[in-house]
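Peer 1: Just dropping this structure here.
The values are calculated or read from the model by the stated rules, or taken from the named source; none is laboratory data. Model, not experiment: these values are computed from the prediction. Cβ: placed from backbone, ideal geometry, glycine included. Neighbour counts: every protein chain shown.
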Amino acid sequence: MTLAILAVDLAALATVFWIVWYFWASKGKAVTATVAASGAQEIYVRVKGGYDPDRIAVEAGRPVRLLFNRQETAACSERVEFPDFGISRTLPTGETIAIDLPAPEPGEYGFSCQMGMLRGTLVARRDGGGDSPGPHPTGAAAS
């Protein structure tokens, strides 16, 4: 085996490890939903090449309202599904769609597009704490 072949093999192996880590093993910081006047926890989620934020922290035991705004026309992002809650909604381009979830028990609940390519996680914690305040539809940070 020549040095060039060894270098190519190592580069390919490193690429495979990076892909596995990026798509399946990495967990970003959770963004915290804010409590609205209704008492539900709310957060704005932009849909454009993925969900932003894709990891949302909420307080367990309190209802959740997710405000999805799809800013693309890709077929994959036209639906969002919450299998643990039995919820599936169409996301028309350019419209903000509210999805109300019942008060979750502590744990992690996945959501995705109908093809499973775009994915996110709702993290229900007893203290509700996340890593940063969530965005509002205006784009301003939560107070």
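Peer 1: Which residues, counting only those in segment 75-123, are surrounded by 14 or more Cβ atoms within 10 Å (Cβ to Cβ) and without any contact (Cβ under 8 Å) to a residue 12 or more places away in the chain?
Peer 2: Result: no residue meets the conditions.
Peer 1: Please count how many residues of segment 111-122 are touching a Phe, Trp or Tyr at 6+ places or on another chain (Cβ under 8 Å) and either part of a loop (DSSP other than H, G, I, E, B) or not basic (Lys, Arg) (or both).
Peer 2: Qualifying residue count for the region: 5.
Peer 1: So ALA37 ticks every box in (1) within 23 Å of ALA124 (Cβ to Cβ); (2) touching a residue at least 12 places away in the same chain (Cβ under 8 Å) but one. Which box is left unticked?
Peer 2: With (1) within 23 Å of ALA124 (Cβ to Cβ); (2) touching a residue at least 12 places away in the same chain (Cβ under 8 Å) applied to ALA37, the lone miss is (2).
Peer 1: Return the pair list, or none, for Cβ contacts closer than 8 Å from residues in segment 6-29 that are within 30 Å of ALA57 (Cα to Cα) to residues that are modelled with pLDDT of 70 or more and of a type in the set (Lys, Arg), at least 6 apart or on different chains.
Peer 2: Listed by first residue and then by second, the contacts come to LYS27/ARG55; GLY28/ARG55; LYS29/ARG55.
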